[in-house]
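To start, the structure under review is shown below, and the notes come after it.
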Amino acid sequence: MLRHRVFDSVCGTNTIWSGRQASLETIILDLFELLALRGTAKVLRELRQKQRMMYSNLVRIVGHSTTTTRALNAMMELGLIQKEVLNEKYRPVVYSLTVKGRKLADIASELENL
């Protein structure tokens with residue numbers, strides 16, 4: 001069953017989700033709400049394919065900086081992506097998926113193929 005697979009793959013059993021003990025239904029609803037957030041699916045798809053991307057490239061893909069920032073912040077809050085500031089000229093920011101984020105990106109990819 002997909003619900004249990006999403007729960008076990010992304011969160012593990014008996015886990016804390018967003019700082020609170022959550023039911024399976026709450027976690028599933030949170031994940032679908034996240035995927036419905038504008039820009040999130042595009043960011044997950046691109047990071048899944050390219051491993052790491054600069055913020056400016058993600059903005060070009062999503063289309064708007066505000067939308068991109070909201071999606072990135074929501075995913076960082078849930079531990080799905082990580083942010084790295086490179087020690088180079090102009091201090092570029094690079095994003096990549098965490099283990100949990102890669103699992104969700106794989107599941108989202110499967111959902112797109114249904």
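The values are calculated or read from the model by the stated rules, or taken from the named source; none is laboratory data. All of these numbers come straight from a predicted model, not from anything done at the bench. Virtual Cβ from ideal backbone geometry, glycine too; neighbours counted across all protein chains shown.
Only one entry in Gly101, Gly79 is surrounded by 13 or more Cβ atoms within 10 Å (Cβ to Cβ) and at negative phi, namely Gly101.
The condition (being of a type in the set (Lys, Arg), over 16 Å from Ala108 (Cβ atoms), surrounded by 13 or more Cβ atoms within 10 Å (Cβ to Cβ) and at pLDDT 80 or above) is satisfied by just one residue among Arg45, Arg70: Arg70.
With respect to the conditions (1) modelled with pLDDT under 85; (2) closer than 26 Å to Asn113 by Cβ; (3) not β-branched (Val, Ile, Thr), Lys50 falls short on a single one, namely (1).
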